[in-house]
Amino acid sequence: MRGGSCANHLGRDTTSASLTGEPGGRTVLVSVRVQPGARRAGLAGTWNGLLKLAVSAPPEDGRANAAAAALLAELFGLRASAVELVRGQTSRSKVFRLALAPEIARARLAELLATRG
């Protein structure tokens with residue numbers, strides 16, 4: 001494991017790369033990189049312009065996907081039903097749909113990354 005690789009990306013503005021507003025302005029797509037089987041779950045910074053999430057669940061039977069969705073809901077202050085996996089069911093790189101206005105999502109992501117660094 002390379003210890004400082006995530007910290008190098010925290011200084012970059014990844015809010016526009018990680019988030020894409022959908023037509024209608026009520027939902028946003030967030031691109032993430034999931035690290036399953038982590039010792040501690042939580043926001044792990046960014047990775048190549050993607051939000052990096054560490055989840056303790058193993059990548060078996062969709063458990064890591066469910067844990068990543070639950071973590072996103074917690075981070076963005078949403079109900080679990082407001083987070084939906086759109087792409088990447090079997091990949092570490094995933095796209096989730098959040099039932100959240102793009103402006104609010106970008107502000108919250110910037111806040112999360114600022115407290116992380």
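Structure data summary
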read-out: Some residue of the stretch 53-75 being surrounded by 18 or more Cβ atoms within 10 Å (Cβ to Cβ), in contact with a strand residue (DSSP E or B) (Cβ under 6 Å, 6 or more places away or on another chain), in a strand (DSSP E or B) and at pLDDT 95 or above; value: yes
read-out: Test: residue in the stretch 80-87 that is of a type in the set (G, A, S) and either within 17 Å of P36 (Cβ to Cβ) or assigned to a loop (DSSP other than H, G, I, E, B) (or both); value: no
read-out: Number of positions in the stretch 22-36 that are within 16 Å of V95 (Cα to Cα) and surrounded by fewer than 16 Cβ atoms within 10 Å (Cβ to Cβ); value: 1
read-out: Count of residues meeting criterion [within 16 Å of S91 (Cβ to Cβ) and out of contact with any Ser or Thr (no Cβ under 8 Å at 6 or more places or on another chain)] in the stretch 37-53; value: 2
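The values are calculated or read from the model by the stated rules, or taken from the named source; none is laboratory data. These figures come from a predicted structure and were not determined experimentally. So basically every Cβ, Gly included, is an ideal-geometry build from the backbone, and we count neighbours across all protein chains shown.
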